[in-house]
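Peer 1: This is the structure I want to talk about, given as structure tokens.
The values are calculated or read from the model by the stated rules, or taken from the named source; none is laboratory data. It should be emphasised that the depicted structure is a prediction, and the values quoted were computed from it without experimental measurement. Methodologically, a virtual Cβ is constructed for each residue, glycine included, from the backbone with ideal geometry; neighbour enumeration extends over all protein chains shown.
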Amino acid sequence: MIDHFLAKLRVRDEISPEEEEAIRGMLDPPVEIPADKTIIPAGVELNVSTLLLDGLLCRYKDLRDGSRQISELHVPGDFADLHSFTLKYLDHSVMALTKCRIATVRHDRLKAVIEAHPHLGRMFWFMTNLDAAIHREWVLSLGRRSAISRVAHLFCETRVRLEISGLADRRGYEFGITQADLAECLGLTPVHVNRVLKELREDGLVAFRGGRVHIHDLAGLERIAEFYPAYLYLDKRPR
Amino acid sequence: MLKEADEKIGTQPNRSIGVGELWAGGLRKVGLATQHLQSDQHLPSDGCQAPRSLAPRPCNRLVARLEAVGNLSRDDREAIHAICRDAQAVPVHRSIIRAGEKPEHVHIVVEGWTARAETLADGTRQISAFLIPGDFCNLHAAILGEVDHDLIALTDAKVAFVPHEVMDDLARERPALRDALRWVNSVDEAVLRAWLSSIGRRDAYGRIAHLFCELHARMTLIGLVEHGCFDLPITQEMLADAQGLTPVHVNRTLQALRGDGLIELAERRLTILDMVGLQNAAGFDPTYLYLGMRARR
Amino acid sequence: MTLYRFNLYNGIGFVADEEGRELPDVAAARDEALKAVRGIIADEVLQGRLDLNGRIEVMDGEGPPVITLAFAEAVEIA
């Protein structure tokens, strides 16, 4: 159940068997979530954090004019809201983009684990800062990248994040996201996303079809995206 | 107040006393005042309680910010002042850290403004955060190792360089402080999400309006707003880089905001003339700043 | 480096550039002007308006503009 989460942690540091046990012990039993369900509304007081086991989640904010901005995608092994442990409520909502399996952790259990295993506490803090680094990269994307570069970058970023759990390789991955969702990630309209996808396909870089990203030229895709994975902090060292 | 100040002479002989303590007390009240803001209540336009002429202690702004969210003891506050004591002068435009470096220090803005930024191959820059007095520039570097962004001085600034070990000791020995630090780190992340929404979904007018509303709230929290007016010591180019625009577009947008009677901007001082109007133009909801909330645990 | 000022004339009137930007040469200044015009047009188009009647005058001092860029010149109209 926690394989993807452990994989995500172990990319960055060693996790001991005791720490593994502690993580297992703190989780509630898994729950199935249907696609398009908002599992955590913004502004609601929380006493659990949610770990994604399977599927695709996103963080989003609805603006007053009704438009939506997705601020991050979550892949299996991600906590959607470790920061809710620190803050009482979230400034964003969390929604399932596909059918998902999640497991919650009560904050009192999380606190106990952190107190018993300070290293795990640091790893959890690491994860929230990783989210911030991804937000920064998205700010750069939406602020300064062209539409085609934004789409390419998101495909590259998601590939690396899924590859950690063995859910992607150089040839592609399952990605159950709609063009409308992509548009809400990237500050574009769905029609513009569609246009860009056509361009990427015709340039022989990537095809997005049937919920699957088919990568034809990873190096080319990373070049047009100007993708450098340093911000994903993939190096292993004592933390 | 003065008695506390007298007691300090024994512990910190180089510290100026008396007026400094009064200043810290005044700022604590600012923190309490902002705690009662609700998300649909417009911000007061006469937000500054502390007169600017009083000589500040090194880290008043950071103390004010942390006190607004945590129950800090006097020792906690003194510990904060101590780490800011040897703030270094950094000239405008200096890169304090570059992306990919592994800084040995956590940086705190004591005076002036800094920014986190990234630059693309074609030279275009995106600023991902404005850091004002009391802000941590790279608290995350303590746990991440490298930084994925540049850190630059947007004005002549004073920055405290605090070694990681000192921050680690503080966090370990002072739980209330540790919780407050985690808190500001998380709010920092929430601000990023708000910027993302702005850049992704608002037009130029809305982006600048939103940014100004946010800066007003953040400056109010640390006592730097007087009658709806505060220093905006940055160039239009910096504003542009922060909001994914060009400087010309920013200039035009500022003119439009002025023309609509929402702001006055002269000599690097921004005055918000119509707070409700500006918030409406921005669709501003201050929930993401977590004003008036207390750190848990 | 030279300080170039980008004065804008368009739908909302004249916007003087009080700040200017340091750029290496006129070619760089033209690039800046192009980007600026395109960003403005794009922003307006998203709101349903296309106004190609503006221009940017780039100054490097008190004399006549070193570049005059009409909005219509900044885009390829197909």
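Peer 1: Output yes when any residue across the stretch B:149-161 is within 27 Å of B:Leu232 (Cα to Cα), facing another protein chain (nearest Cβ under 9 Å) and under 16 Å from the mean Cα position of the chain (by Cα), and no when none is. Don't jump to the end; show me each part of the working.
Peer 2: Of the stretch B:149-161, the ones within 27 Å of B:Leu232 (Cα to Cα) are B:149-161.
Checking the rest, the ones that are also facing another protein chain (nearest Cβ under 9 Å) come to B:149.
Now drop any that are not under 16 Å from the mean Cα position of the chain (by Cα), which leaves none.
There is no residue in the stretch B:149-161 that is within 27 Å of B:Leu232 (Cα to Cα), facing another protein chain (nearest Cβ under 9 Å) and under 16 Å from the mean Cα position of the chain (by Cα).
Peer 1: For the stretch A:115-140, which positions are more than 7 Å from chain B (Cβ to nearest Cβ) and without any contact (Cβ under 8 Å) to a residue 24 or more places away in the chain?
Peer 2: Listed by number, the residues that qualify are A:Glu115, A:Pro118, A:Gly121.
Peer 1: Considering only the stretch A:10-20, I want to know if a residue exists there that is of a type in the set (Ser, Thr, Tyr) and either within 30 Å of A:Ala180 (Cα to Cα) or in contact with a Gly (Cβ under 7 Å, 6 or more places away or on another chain) (or both).
Peer 2: First, the residues of the stretch A:10-20 that are of a type in the set (Ser, Thr, Tyr): A:16.
In the following step, the residues that additionally are either within 30 Å of A:Ala180 (Cα to Cα) or in contact with a Gly (Cβ under 7 Å, 6 or more places away or on another chain) (or both) were identified as none.
No - not one qualifying residue is present in the stretch A:10-20.
Peer 1: Same structure, new question: In the stretch A:78-88, is there at least one residue being of a type in the set (A, V, I, L, M) and out of contact with any strand residue (DSSP E or B) (no Cβ under 9 Å at 6 or more places or on another chain)?
Peer 2: Just the residues of the stretch A:78-88 that are of a type in the set (A, V, I, L, M), to begin with: A:80, A:82, A:87.
Pick out the ones that are also out of contact with any strand residue (DSSP E or B) (no Cβ under 9 Å at 6 or more places or on another chain) and you get A:87.
Yes, the conditions are met somewhere in the stretch A:78-88.
Peer 1: Could you please let me know if B:Leu196 is within 14 Å of chain A (Cβ to nearest Cβ) and crowded, with 22+ Cβ neighbours inside 10 Å? Before you say what the answer is, go through the steps one by one.
Peer 2: Details: within 14 Å of chain A (Cβ to nearest Cβ): yes; crowded, with 22+ Cβ neighbours inside 10 Å: yes.
The answer is yes for B:Leu196.
Peer 1: With the requirement that a residue be among the hydroxyl-bearing types (Ser, Thr, Tyr) and assigned to a helix (DSSP H, G or I), what does the stretch A:92-138 give you?
Peer 2: The initial filter retains those residues of the stretch A:92-138 that are among the hydroxyl-bearing types (Ser, Thr, Tyr), namely A:93, A:98, A:104, A:128.
Matches in the stretch A:92-138: A:Thr128 only.
Peer 1: Further question on the same structure: For the stretch A:36-60, which positions are among the hydrophobic types (A, V, I, L, M, F, W, C), surrounded by 14 or more Cβ atoms within 10 Å (Cβ to Cβ) and not in a strand (DSSP E or B)?
Peer 2: So the first thing to find is which residues in the stretch A:36-60 are among the hydrophobic types (A, V, I, L, M, F, W, C), and the list is A:39-40, A:42, A:44, A:46, A:48, A:51-53, A:56-58.
With surrounded by 14 or more Cβ atoms within 10 Å (Cβ to Cβ) added as a condition, the list becomes A:39-40, A:42, A:46, A:48, A:51-53, A:56-58.
Within the stretch A:36-60, A:Ala42, A:Leu46, A:Leu56 meet the criteria.
Peer 1: Given A:Leu167, A:Leu218, A:Leu232, which one is modelled with pLDDT of 95 or more and within 14 Å of chain B (Cβ to nearest Cβ)? Walk me through it before giving the result.
Peer 2: On the way: A:Leu167 fails: within 14 Å of chain B (Cβ to nearest Cβ); A:Leu218 fails: within 14 Å of chain B (Cβ to nearest Cβ).
Step by step, each of A:Leu167, A:Leu218, A:Leu232 is checked, and only A:Leu232 is modelled with pLDDT of 95 or more and within 14 Å of chain B (Cβ to nearest Cβ).
Peer 1: A follow-up question, please. So B:Gly228 ticks every box in (1) of a type outside the set (Asp, Glu); (2) within 11 Å of another protein chain (Cβ to nearest Cβ); (3) in contact with a strand residue (DSSP E or B) (Cβ under 6 Å, 6 or more places away or on another chain); (4) at positive phi but one. Which box is left unticked?
Peer 2: All conditions are met except number (2).
Peer 1: Filter the stretch B:126-148 down to residues that are crowded, with 20+ Cβ neighbours inside 10 Å, among the charged types (D, E, K, R) and facing another protein chain (nearest Cβ under 8 Å), then give me how many there are.
Peer 2: Total satisfying the criteria: 1.
Peer 1: Related question: If you go through the stretch A:97-109 one residue at a time, how many are in contact with a helix residue (DSSP H, G or I) (Cβ under 7 Å, 6 or more places away or on another chain) and either more than 10 Å from chain B (Cβ to nearest Cβ) or of a type in the set (Lys, Arg) (or both)?
Peer 2: Here is the first cut: in the stretch A:97-109, the ones in contact with a helix residue (DSSP H, G or I) (Cβ under 7 Å, 6 or more places away or on another chain) are A:97, A:105, A:107, A:109.
Filter again for either more than 10 Å from chain B (Cβ to nearest Cβ) or of a type in the set (Lys, Arg) (or both), leaving A:97, A:105, A:109.
Qualifying residue count, the stretch A:97-109: 3.
Peer 1: Please return the ranges of strands (runs of 3 or more DSSP E) entirely within chain C where 2 or more residues are within 12 Å of chain B (Cβ to nearest Cβ).
Peer 2: On the way: elements: C:2-10, C:13-15, C:21-23, C:55-59, C:67-70.
Hits in chain C: C:2-10, C:13-15, C:21-23, C:55-59.
Peer 1: Next question, about the same structure. With the structure loaded, tell me whether A:Gly143 is within 13 Å of chain B (Cβ to nearest Cβ), free of Cβ contacts under 8 Å to residues at least 60 places away in the same chain and closer than 22 Å to A:Asn194 by Cα or whether it fails that test. Break it down into steps so the answer makes sense when it comes.
Peer 2: Numbers: within 13 Å of chain B (Cβ to nearest Cβ): yes; free of Cβ contacts under 8 Å to residues at least 60 places away in the same chain: yes; closer than 22 Å to A:Asn194 by Cα: yes.
Answer is yes for this residue.
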